[in-house]
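First the structure, in the form of structure tokens, and then the observations on it.
The values are calculated or read from the model by the stated rules, or taken from the named source; none is laboratory data. In this text, all values refer to a predicted model and were calculated from it rather than measured experimentally. Quick reminder, even Gly has a Cβ in these numbers, built from the backbone with ideal geometry, and neighbours come from all protein chains shown. Note: accessible area is taken over every heavy atom of the protein model, side chains too, but ligands, DNA and RNA are not part of it. Shrake-Rupley method; radii C 1.70, N 1.55, O 1.52, S 1.80 Å.
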Amino acid sequence: MNNKTLNDQEFEKKMQALTDEATLEWMQEKSREFMKIIAYYRCALMEIETKFNVLNQEYSLQHDRNPINSIKSRIKSIPSIREKLKRKDIPATLEAIEENINDVAGIRIICAFPEDVYTLSEALLKQDDITLIAKKDYIKNPKPNGYRSLHLIVAVPIFLASEKRVMKVEIQLRTIAMDCWASLEHQLRYKKDFEFTDDMADELLECAKISAELDARMNALRDRLDLDEQN
Ligand code: 0O2
């Protein structure tokens, strides 16, 4: 008599598929392809980071100060990619990831003043190997929760030994004050086992307004100093 339940039989079938030679080879091949794509995204991040470092150098020679405070970059984690594929109902193929997920490679440029955000983004977008795919200006139009940053999705070429590939990179430009708010908001919102209440959201929005005012006042102070220097 066969005592195996339907679940047991399904489990057995799946295990057989896993140990099947052809399936294993297919999985290894896919993971090699995936690692290759991730390496290309890393190269694209290096290209963009170098471009910003060059702009920072040039600006500091001309104006005696650095517009960039710091640069952070990251490759999106596999669970985050999976979650986004699911949420947007995109098939889990490498082609679909490259085509539809714009932030596999992400770089954050933390600037000193709001004006630096726009000076740097304009200088980058003027470069003839950069193509702007999308722009979201959450500084001019903050999100309802108070989030501010300038988001650019760009395409940048990377030059490999025998081919040129064009890769997408998400660039987030923001000031130190915007970054401080966004980092703390992220920490608070995703704190485990705590309920995020409406009045906490109101308080965060108030903090975002204070941070925007701080940016405006610091920018004005910098303008006054620039003017004094010219006279
Ligand atoms: P991570 O780990 O930072 O990458 P989508 O990306 O398609 O889900 P959309 O509208 O294209 O949505 O993206 P959006 O809102 O322009 O930008 C998404 C990224 O911006 C987020 O990435 C955050 O990094 C940042 N961001 C957007 N809104 C907020 C916010 O309210 N608070 C904070 N702290 N950050 C925000 P991920 O994918 O969430 O994660």
For this session: Quick one: angle between helix 78-87 and the longest Cα principal axis of the chain, in degrees between 0 and 90, rounded to 10, please.
Result: 90 degrees
Seminar exercise, completed: For the pair Asp64 and Lys143, the simple spin-label estimate (label points 7 Å beyond Cα toward Cβ) gives in nm 4.0 nm
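Using alpha-carbon pairs under 8 Å, 6+ residues apart, how would you state the relative contact order of the chain in percent? Provide the component values of the computation, followed by the final result.
Details: 264 pairs, mean separation 41.6, N = 231.
Over the chain, the number comes to 18 percent.
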For this session: State, in angstrom, two size descriptors of region 19-177 derived from its alpha carbons: Rg to one decimal place and Dmax to the nearest whole number.
Result: 17.9, 64
Exercise. What residues qualify as long-range amide H neighbours of Ile139, i.e. H under 5 Å apart, gap of 5 or more or another chain, H built at 1.01 Å from N?
Worked result: Ser149
For this session: Using R₀ = 41 Å, calculate the FRET efficiency as 1/(1 + (r/R₀)^6) where r is the Cβ-Cβ separation of Ile38 and Arg224; round to 0.05.
Result: 0.30
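So how much slack lies between Glu98 and His186, counting 0.36 nm per residue of separation and subtracting their Cα-Cα distance, in nm?
Numbers: separation 88, 0.36 × 88 = 31.68 nm, distance 2.65 nm.
Working it through step by step, the gained length comes to 29.0 nm.
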For this session: State the percentage of accessible surface on the chain attributable to carbon and sulfur atoms; use a 1.4 Å probe and exclude ligands, DNA and RNA.
Result: 54 percent
Exercise. Alpha carbon centre of region 134-152 versus region 207-231: separation in Å?
Worked result: 20 Å
Problem set entry | Cα Rg over Rh - region 174-231, Kirkwood | 1.21
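For the chain, what does the accessible surface come to per residue with a 1.4 Å probe? Please give it in Å².
Details: 15460 Å² over 231 residues.
Per-residue accessible area for the chain comes out at 67 Å².
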Seminar exercise, completed: So the pair-distance distribution of region 135-224, from every Cα-Cα distance in 10 Å bins, comes to percents of 15, 35, 26, 16, 8, 1
